[in-house]
Amino acid sequence: MHPLAKSYQCIHCDKAFSNKYRLKSHLRTHTGEKPYQCSQCDKTFSQNNNLVSHLRTHTGEKPYKCSHCDKAFSQNNNLKMHLRIHTRVKPYQCSFCNKDFAINSSLIQHLRMHTGEKPFQCSQCDKGFIKNSNLIRHLMTHNGEKPYQCSQCDKTFSTNNNLKIHLKVHTGDNPYQCRLCDKVFSINSSLIIHQRTHSGEKPHQCRYCDKKFSYNANLICHLRTHTGEKPYKCSHCNKTFSQSGGLNMHVRTHTGEKPYQCSLCNKDFATNSRLTEHLRIHTGVKPFKCSQCDKAFIKKSILMRHLITHTGYNPNKCSYCDKTFSQNNSLVNHPRTHTGEKPYKCSHCDKAFSQNNLIEPKVEENKDVINCVNMYTNNSSEEQIEVKEEKFDFASIQKQLL
């Protein structure tokens, strides 16, 4: 049986059709004609089958049912895409990183991460987005609109999807389980992200350097190190930050809040990292080890200062004599040997000292006299002296040691 001859040629392009009805339908892609109008709204369509599919958005009809689960769809194409979740077929591959996708639109969106293209621009500010849905969510940050309210509590949300995710907090529904461990998740995207902790996959690559990240949020934060963007502004002063966590920690310098408490001595700290460093004083843990000698330190910044002593680099010179120092705090203390300055006064007697080496009053046995005793003679002890944080080029220090 011979195939039907395609004798009906389009006058606008090279396409040909076997009957005049298909040609007529095709011509509408050129003319823009949309003769099929929805009876429920003002939308019009060039093809009747598109109108039929659209009407189901009004009626709620979903005639295409999945044979693997209970889901149903209004369009056959949506069912085909859904079936790939069960079959794991991903026919669309990224030419940059070889990542596979179940649908072409997901590949197109993913490619924008490599190219940096952001076709969806906000009309209220300069921000652009790779997805229209991201732009819609962003626009709500300008008008503050949160039309979706939880029926279980007073929380409201800018998108229906966020509301659905939140509702699982009340229901405890966690249908997505990791096949490699026992963890369960309320949404599939959280499971996908979690699985990267097992696979080590880092699909999000920086377009400025070779760094890769497991999470898109981490990539966004990293990109700001290249662009210099600091979108988080302090409401108390003019300081800005590239990450919300940095802003939160900074705000505590204004409020005085110290939510992290040591369980051994009850000392409070503004950040968890400070508490972690402090706990090492109690435990004696010194995780930062010098590669040139046997010394170890509780903080990386102290290790960096120590490494300079191996290089012989002494950038801090005394203005009174020829002595040089590798550390800035040593230069601060040394000039007092020339000036005789003793700014640290004992609160129990008239003695004063040039350095704050934790001078502590101690009552000697069988005496009523309080004598000042220097508890610590090692001025470089990182556990006792709090020095000003300095920034070091660790890579250049290491090169000098090679």
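The values are calculated or read from the model by the stated rules, or taken from the named source; none is laboratory data. Computed from a predicted structure; not experimentally measured. When we count neighbours, we look across all protein chains shown, and the Cβ atoms used for this are built from the backbone with ideal geometry, even at glycine.
Restricting to the stretch 65-95, name every residue that is in contact (Cβ under 8 Å) with a residue 12 or more places away in the chain, surrounded by 14 or more Cβ atoms within 10 Å (Cβ to Cβ) and of a type outside the set (Phe, Trp, Tyr).
CYS66, SER74, GLN75, ASN78, LEU79, MET81, HIS82, LEU83, ARG84, ILE85, LYS90, CYS94
Residues that are in contact with a His (Cβ under 8 Å, 6 or more places away or on another chain): list the helices (runs of 4 or more DSSP H) wholly contained in the stretch 127-234 that include at least 3 such residues. Walk me through how you get there before you give the answer.
Working: elements: 132-143, 160-171, 188-199, 216-227.
Qualifying helices (runs of 4 or more DSSP H): 216-227.
If I filter the stretch 156-174 down to residues being exposed (fewer than 13 other Cβ atoms within 10 Å of the Cβ) and at pLDDT below 85, which single residue comes out as nearest to LEU135 (Cα to Cα)?
Going residue by residue through the stretch 156-174, those that are exposed (fewer than 13 other Cβ atoms within 10 Å of the Cβ) are 160, 170-173.
Next, from what is left, pick out any that are at pLDDT below 85: 160, 172-173.
Values: ASN160: 15, GLY172: 30, ASP173: 29 Å.
Here the answer is ASN160.
Run LYS118 past the list (1) surrounded by 12 or more Cβ atoms within 10 Å (Cβ to Cβ); (2) in a helix (DSSP H, G or I) and report the number of the one that doesn't hold.
(2)
Based on what the data block shows, is GLN47 exposed (fewer than 14 other Cβ atoms within 10 Å of the Cβ) and more than 29 Å from TYR176 (Cα to Cα)?
On the way: exposed (fewer than 14 other Cβ atoms within 10 Å of the Cβ): no; more than 29 Å from TYR176 (Cα to Cα): yes.
Answer is no for this residue.
Could you please tell me which pairs satisfy a Cβ distance under 9 Å, a separation of 6+ or placement on different chains, a first residue in the stretch 289-304 that is free of Cβ contacts under 8 Å to residues at least 12 places away in the same chain, and a second residue that is surrounded by 14 or more Cβ atoms within 10 Å (Cβ to Cβ)?
LYS295/LYS286; LYS295/LEU303; LYS295/HIS306; ALA296/LYS286; ALA296/PHE288; ALA296/CYS290; ALA296/LEU303
For the stretch 133-155, state whether one or more residues are surrounded by 16 or more Cβ atoms within 10 Å (Cβ to Cβ), touching a residue at least 60 places away in the same chain (Cβ under 8 Å) and at negative phi.
Checked the stretch 133-155: no residue is surrounded by 16 or more Cβ atoms within 10 Å (Cβ to Cβ), touching a residue at least 60 places away in the same chain (Cβ under 8 Å) and at negative phi.
Looking only at the stretch 18-29, decide whether some residue is over 44 Å from the mean Cα position of the chain (by Cα), surrounded by 14 or more Cβ atoms within 10 Å (Cβ to Cβ) and among the hydroxyl-bearing types (Ser, Thr, Tyr).
So in the stretch 18-29, the residues over 44 Å from the mean Cα position of the chain (by Cα) come out as 18-28.
Pick out the ones that are also surrounded by 14 or more Cβ atoms within 10 Å (Cβ to Cβ) and you get 22-23, 25-28.
Going one step further and asking which of them are among the hydroxyl-bearing types (Ser, Thr, Tyr), we end up with 25.
Within the stretch 18-29, one or more residues are over 44 Å from the mean Cα position of the chain (by Cα), surrounded by 14 or more Cβ atoms within 10 Å (Cβ to Cβ) and among the hydroxyl-bearing types (Ser, Thr, Tyr).
Residues that are under 30 Å from TYR260 (Cα atoms) and of a type outside the set (Lys, Arg), at least 1 per element: which helices (runs of 4 or more DSSP H) completely within the stretch 273-340 meet that?
Details: elements: 300-311, 328-333, 336-339.
Where helices (runs of 4 or more DSSP H) fall fully within the stretch 273-340 and carry at least 1 residues being under 30 Å from TYR260 (Cα atoms) and of a type outside the set (Lys, Arg), they are 300-311, 328-333.
Residue under question is TYR232, and the condition is that it be surrounded by 15 or more Cβ atoms within 10 Å (Cβ to Cβ), modelled with pLDDT under 90 and farther than 28 Å from ARG112 by Cα; does it hold? Break it down into steps so the answer makes sense when it comes.
Details: surrounded by 15 or more Cβ atoms within 10 Å (Cβ to Cβ): yes; modelled with pLDDT under 90: yes; farther than 28 Å from ARG112 by Cα: no.
In short, no.
I need the full set of residues from the stretch 33-66 which are in contact with a strand residue (DSSP E or B) (Cβ under 6 Å, 6 or more places away or on another chain) and not in a loop (DSSP other than H, G, I, E, B), in order please. Before the answer, list the steps.
Within the stretch 33-66, the subset in contact with a strand residue (DSSP E or B) (Cβ under 6 Å, 6 or more places away or on another chain) is 34, 36-37, 44-45, 48, 51, 62, 64-65.
Selection gives TYR36, GLN37, THR44, PHE45, ASN48, LEU51, TYR64, LYS65.
Looking at the stretch 217-226, which of its residues are surrounded by fewer than 13 Cβ atoms within 10 Å (Cβ to Cβ) and at pLDDT below 90? First the steps, then the outcome.
Keep residues of the stretch 217-226 that are surrounded by fewer than 13 Cβ atoms within 10 Å (Cβ to Cβ), which gives 217, 226.
Selection gives ALA217 alone.
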